[in-house]
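Data first, discussion second: the structure below is written as structure tokens.
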Amino acid sequence: MNDTRSEIIRLANELIRSVGYNAFSYADISKQLNIKNAAVHYYFPSKSDLGIAVIKESHSLFLEKTEAWSKLNCKQQYKKYITMHDSFVKTHWTCIVGSLAPSFDTLPENMQKELQKLVNTILDWLTELLTKGKETEVFNFKETPRTRANMIHSTLLSSLQMNKVLRNDIYKSIQEGLLNI
């Protein structure tokens, strides 16, 4: 991938996670990368094209991580998932889903669809993991695996958002509770 294109995606990803999709412009990217706005438009004619590229990259990274985790047992995979966003705590970032979901209705339809694909991929993977873990009695919970997956994902997502607001350790305390499944 072209270095400039990659840098634009990297910076857009950081901006979405830190200030939100609607709060940054191509001028913010061009200024930080010391390039012209036209260079950003060359790679991403519209802001939604850039948003889609960020979501797709997040989707690819999730698939890469879960593939790497597939050799681990259910409990180890679960822990990897629960601790996946630890590095965001210091920067007060949220995950890409947590960054984009609050403004979902204002996102272009093509971005909405990509975000839905990502969320469904995450929930499908987590549901499958929880199903295997419940069947082998590694995990013990009463809800259906899909309901539990929704609860876990939503809890992690909101804990990152609350951590951003309160600047405290709510993410870590929620994480500890989720690890006791």
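Just so you know, all these numbers are worked out from the coordinates, no wet-lab data involved. Because the structure is predicted, anything quoted here is derived from the model rather than measured. Cβ: placed from backbone, ideal geometry, glycine included. Neighbour counts: every protein chain shown.
Count charges around residue 89 for me, please; just the other residues with Cβ under 9 Å from its Cβ, Lys/Arg as +1, Asp/Glu as -1. All intermediate terms of the calculation are to be shown ahead of the outcome.
Values: positive: 90, 172; negative: 86, 169.
Value of the local net charge: 0.
So what are the ³J(HN,Hα) numbers for the stretch 115-124, from phi and the Karplus equation (6.51, -1.76, 1.60; θ = phi - 60°), rounded to whole Hz, Gly and Pro as x?
Each residue of the stretch 115-124 in turn: 5, 4, 4, 4, 4, 5, 4, 4, 5, 5 Hz.
Only sites in a loop by DSSP and with at most 13 other Cβ atoms within 10 Å count here; which trypsin sites (Lys or Arg not before Pro) in the stretch 79-181 make the cut?
Working: sites: 79, 80, 90, 113, 117, 132, 134, 142, 146, 148, 164, 167, 172; in loops: 142, 167.
Sites meeting the loop and neighbour criteria: 142, 167.
For the chain, calculate the relative contact order in percent as a whole number, restricting contacts to Cα pairs under 8 Å that are 6 or more residues apart.
Values: 157 pairs, mean separation 43.3, N = 181.
Result for the chain is 24 percent.
Sort 61, 100 so that the residue with the fewest other Cβ atoms within 10 Å of its own Cβ comes first and the one with the most comes last.
Details: 61 13, 100 27.
Starting with the residue having the fewest Cβ neighbours, the order is 61, 100.
At a Cα cut-off below 19 Å, give the aspartates and glutamates reachable from residue 117, other chains included and same-chain residues fewer than 8 away excluded.
49, 57, 64, 67, 105, 109, 128
What's the extension gain from residue 146 to residue 73 if we count 0.36 nm per residue and subtract their Cα-Cα distance? Please list the in-between numbers first.
Numbers: separation 73, 0.36 × 73 = 26.28 nm, distance 1.94 nm.
My answer for the length gained is 24.3 nm.
If you plug each phi of the stretch 20-33 into the Karplus form 6.51 cos²θ - 1.76 cosθ + 1.60 with θ = phi - 60°, what whole-Hz ³J(HN,Hα) values come out, in order, with x for Gly and Pro?
These are the phi-based 3J(HN,Hα) values: x, 4, 6, 9, 10, 10, 4, 4, 4, 6, 4, 5, 5, 8 Hz.
Taking H placed 1.01 Å from N in the peptide plane, check which residues at least 5 places from residue 44 or on another chain put their amide H under 5 Å from its amide H.
So residue 44 has HN proximity to no qualifying residue.
Once phi is turned into θ = phi - 60°, what whole-Hz ³J(HN,Hα) does the Karplus curve with 6.51, -1.76 and 1.60 give for every residue of the stretch 152-167, x standing for Gly and Pro?
Running phi through 6.51 cos²θ - 1.76 cosθ + 1.60 with θ = phi - 60° gives 5, 4, 5, 5, 4, 4, 5, 5, 5, 5, 5, 4, 5, 6, 8, 6 Hz.
Under unit Cβ charges (Lys, Arg +1; Asp, Glu -1), what dipole magnitude, rounded to 20 debye, does the stretch 3-179 have relative to its Cα centre?
On the way: 23 positive and 19 negative charges, 56 e Å.
Dipole of the stretch 3-179, to the nearest 20 debye: 280 debye.
Please give the length that would be gained between residue 33 and residue 132 if that part of the chain were fully extended, namely 0.36 nm times their separation in residues minus their C-alpha to C-alpha distance (nm, one decimal). Kindly include the intermediate steps, with their values, before the conclusion.
Working: separation 99, 0.36 × 99 = 35.64 nm, distance 4.54 nm.
My answer for the length gained is 31.1 nm.
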